[in-house]
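Please read the structure below before turning to the comments.
The values are calculated or read from the model by the stated rules, or taken from the named source; none is laboratory data. Predicted model, so just to flag it, every value in this text is computed and none were measured. Note that we place each Cβ from the backbone using ideal geometry, even for glycine, and neighbour counts take in every protein chain shown.
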Amino acid sequence: MFAKVTFFKILLIANLLLIISCFNTLYSQSLTWLGTLGGNTSIAKDVSDEGPVVVGYSYTSDASKRAFSWSPTSGMVNLGALGGDESVANAVSADGSIIVGYSKLLNLDRLSFRWTQATGMVALQAFSQDVNRHQATAISDDGSFIAGIYFDNDSSNPQRAYIYTTQMIDMLHLNVYNGTTHQTPTDLSSSGAWMVGHLEDDPNNSFQRKAFRVSGDPGSQPDLLGTLGGNISVATAISSDGSVIVGYSTNANGEYRAFRWRNTTGMVALPSFGPSTFANDVSSTGRYIVGHYDLQNTPYEDDDRAILWDAFTVPATLRSLNYYYADLLQDGSILENATAISPNGRYITGYGFNAATQRREAFLLDRQGTTGISEGVSIISDFNLKQNYPNPFNPSTIISWQSPVSSHQTLKVYDVLGNEVATLVDEYREAGIYEVTFDASQLTSGVYFYKLQAGEFSAGRKMILIK
């Protein structure tokens, strides 16, 4: 009898340990630096749901630029270059099996490629002999449609759009709109039914770009998405069902702002950090959006910081990846740009500075435990009021905290004299992780304090507003 009871106790303990192990594995998060192909830089451009598979380009030890794929099992793999001296992988299907991009040949021609494990890198066939420069820029989630640009040799090399299934189809109908000569498709919906990108009326004036959405059916006319008050708008990505489009636009002050576009709302600015903010990609449901903000008001510089929006909150919640996932970062490492998010919202990829190698490298952030089936579930053991970010700030900053118990919670802001200047939260909340944006545009420069009261827990921190 004693032996039987002991056996069942051991079995019960073993099962509990297995459950705990699986639970911890299910909700673990990780950050992986992907390395390079021997050079000093690698840039990630897209990430799949499955594998996951990350694609982009890396420099080799002889400073050649090469398309790569990366997975946890294979590491970073050089995809080749069709005999040329440069290649870039721009996009990958949701299941990770098909990769597209371009290769630059020695005669400076560019050829779109489609890569699979079975075929390797294969050039896409152009639709006429007048076209010998083209590059694939996007792929539908299911991999059945590829979009890209080509240069027509008979028309002073205008940049035009194509779509590819089994052969290239010229999207000439885009040229009907206002005589546009430059068209850049950037993304396709899951089935390829919608294409987004931007048009340029004047190829010599990049300050006249306009975001568009167009059906993949020949003969369709593009819908211009408008701007946020300036002269530039660029659509960078579209949700799987085609209902949400993200990108960036200038406002009336010439500042770059990330936007989210829907049929019901039109183009709406997303919350911003810094003088310029850009949205790069969106998950399949339109909920999660990734991008970067610049410390200067100029895109494509070296002072980027990666960010994530949750667009299902009102207003949309903006998070700094460097702050929100600080526990995963080695001191001195920086996530500079979040270039893509997997359709299921679990994986974020991009590039940053890896302090361990002193190189700019592609990264993969696995947000397991905060998305998918486990979305909204977290393991919280104690209270924590975090330092606001950024700090110092102007004019807005993010304050985040966590509570292991449900309680009435208040979050208030005070000046140095102890006067209350803002109440950010005053309500009952369940146990969880929270954050709010504090807009101090109506306040003067100086030192302020914020205080959290959650049940019996109370904590405060100092922050600095500099205008």
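Hey, any hits in the range 94-107 for a residue that's closer than 17 Å to residue 350 by Cα, among the basic types (Lys, Arg) and either assigned by TED's automatic domain parsing to the domain that holds residue 41 or part of a strand (DSSP E or B) (or both)? The answer is no; no qualifying residue exists. Where residues in the range 379-424 are part of a loop (DSSP other than H, G, I, E, B) and of a type in the set (D, E, K, R), which of them is nearest to the chain's Cα centre (by Cα)? Top of the filtered list is 386.
Looking for something closer than 30 Å to residue 152 by Cα, buried (at least 19 other Cβ atoms within 10 Å of the Cβ), in contact with a Ser or Thr (Cβ under 8 Å, 6 or more places away or on another chain) and modelled with pLDDT under 95 - is there at least one such residue anywhere in the range 52-70? The answer is no, given that none of the residues of the range 52-70 is closer than 30 Å to residue 152 by Cα, buried (at least 19 other Cβ atoms within 10 Å of the Cβ), in contact with a Ser or Thr (Cβ under 8 Å, 6 or more places away or on another chain) and modelled with pLDDT under 95. Residue pairs whose Cβ atoms lie under 6 Å apart, separated by 6 or more positions or on different chains, with the first residue in the range 184-202 and farther than 19 Å from residue 49 by Cβ and the second among the basic types (Lys, Arg) and at pLDDT below 90, are 198/209; 200/209. Summed over the range 26-51, the residues that are under 17 Å from residue 95 (Cβ atoms), in a loop (DSSP other than H, G, I, E, B) and either modelled with pLDDT of 95 or more or not assigned by TED's automatic domain parsing to the domain that holds residue 292 (or both) give a count of 1.
For residue 286, indicate whether it is within 13 Å of the chain's Cα centre (by Cα), in contact (Cβ under 8 Å) with a residue 24 or more places away in the chain and over 24 Å from residue 351 (Cβ atoms). For residue 286, the condition - within 13 Å of the chain's Cα centre (by Cα), in contact (Cβ under 8 Å) with a residue 24 or more places away in the chain and over 24 Å from residue 351 (Cβ atoms) - is met. Give the residues of the range 347-364 that are in contact (Cβ under 8 Å) with a residue 60 or more places away in the chain and either farther than 22 Å from residue 277 by Cα or not assigned by TED's automatic domain parsing to the domain that holds residue 59 (or both), sorted by residue number. Matches in the range 347-364: 354, 356, 357, 359. Among the strands (runs of 3 or more DSSP E) confined to the range 112-231, the ones with at least 2 residues that are in the same structural domain as residue 257 (by TED's automatic domain parsing) and at pLDDT 85 or above are located at 120-123, 134-139, 146-151, 159-164, 182-188, 194-200, 209-215. In the range 329-358, of all residues being in a loop (DSSP other than H, G, I, E, B) and of a type in the set (Ser, Thr, Tyr), the one that is farthest from residue 46 (Cα to Cα) corresponds to 357. The test for being at pLDDT below 95, under 21 Å from residue 277 (Cα atoms) and crowded, with 18+ Cβ neighbours inside 10 Å does not hold for residue 329. When the range 258-270 is filtered for residues that are crowded, with 20+ Cβ neighbours inside 10 Å and more than 15 Å from the chain's Cα centre (by Cα), the ones remaining, listed by number, are 261, 267.
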